[in-house]
Each structure stands twice: as C-alpha cells, then as structure tokens.
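This report refers to the structure that appears directly beneath it.
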Amino acid sequence: VKPMTPRCTVPKAVPVGKTASLHCHENEGYPKSTYSWYRNSEPLSPDTKTNAKFQNSSYTLNPTTGTLVFHAVHKGDTGRYSCIATNDAGFAKCEEQEMEV
C-alpha cells in the first residue's frame, strides 16, 4: 500500500544552540515507510560523519521513526524542511515548512 502524505511537525523558530525536534509520520503505507528529510529541497544525509557537506551539522536522523533531531541548532540550519515517506509501493511528501534559527 502506497504511503499517505506524512504528517510533518517542524518548529517555527528555535534559538541558536537549542535542541530542535522535527517529526514525520504516516501509518497507511504497507510495508512500513522509511523517512527521508530535505532542507531547501536538498536531501539530508542520515550519516553526518561520512558526508563532508554535513559534518558541521549536529543532527540525528532516524529513517525508521521519521525523527530528525538537531542537538544544537545554528544559523545554517534555517530553511524549508520537508519529509518523504517511502515504501515498495511508492512515496508521499509533506509540504515544506520553514524553520528559523
């Protein structure tokens, strides 16, 4: 079963250095969906250590739960965030939401 449009929760404004939690979830898809996050239409790497572009970011992305947590946000984390739920039957995307740091 193709995933439905996921429900995305993105904080509107987060003070520099604080923790920010972004959530993405849908429960219609079968098999269970995996989740990927995008900032300004660019995919966020699930592994910040191996991707040089994201080494300065302090976030954890869990593709199974759809949770994206910034441990200490900085100005560079400001942007439009969206999430895509994917399974064998297809994918669905939530609308972009702005997060300001």
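Observations on the model:
- Cβ-Cβ distances below 6 Å connect the following pairs, each with a first residue in the stretch 66-83 that is free of Cβ contacts under 8 Å to residues at least 24 places away in the same chain, a second residue that is surrounded by fewer than 14 Cβ atoms within 10 Å (Cβ to Cβ), and a separation of six or more residues or different chains: Thr78/Glu100.
- Candidates are the residues of the stretch 71-101 that are of a type outside the set (Val, Ile, Thr), at pLDDT below 95 and outside any helix (DSSP H, G or I); the one that is least open to solvent (accessible area, probe 1.4 Å) is Ala72.
- Scanning the stretch 1-40 for residues that are in contact (Cβ under 8 Å) with a residue 60 or more places away in the chain, open to solvent by 50 Å² or more (accessible area, probe 1.4 Å) and of a type in the set (Val, Ile, Thr) returns Val1, Thr5, Val16.
- Among the residues of the stretch 1-34, the ones that are over 15 Å from Phe91 (Cβ atoms) and hydrophobic (A, V, I, L, M, F, W, C) come to 6 in all.
The values are calculated or read from the model by the stated rules, or taken from the named source; none is laboratory data. Small disclaimer: the values here were computed from a predicted structure and weren't measured. Neighbour counts are summed over all protein chains in view; Cβ atoms, including those assigned to glycine, are modelled from backbone coordinates with ideal geometry. Just the protein is used for accessible areas: all its heavy atoms, side chains included, with ligands, DNA and RNA removed. Shrake-Rupley method; radii C 1.70, N 1.55, O 1.52, S 1.80 Å.
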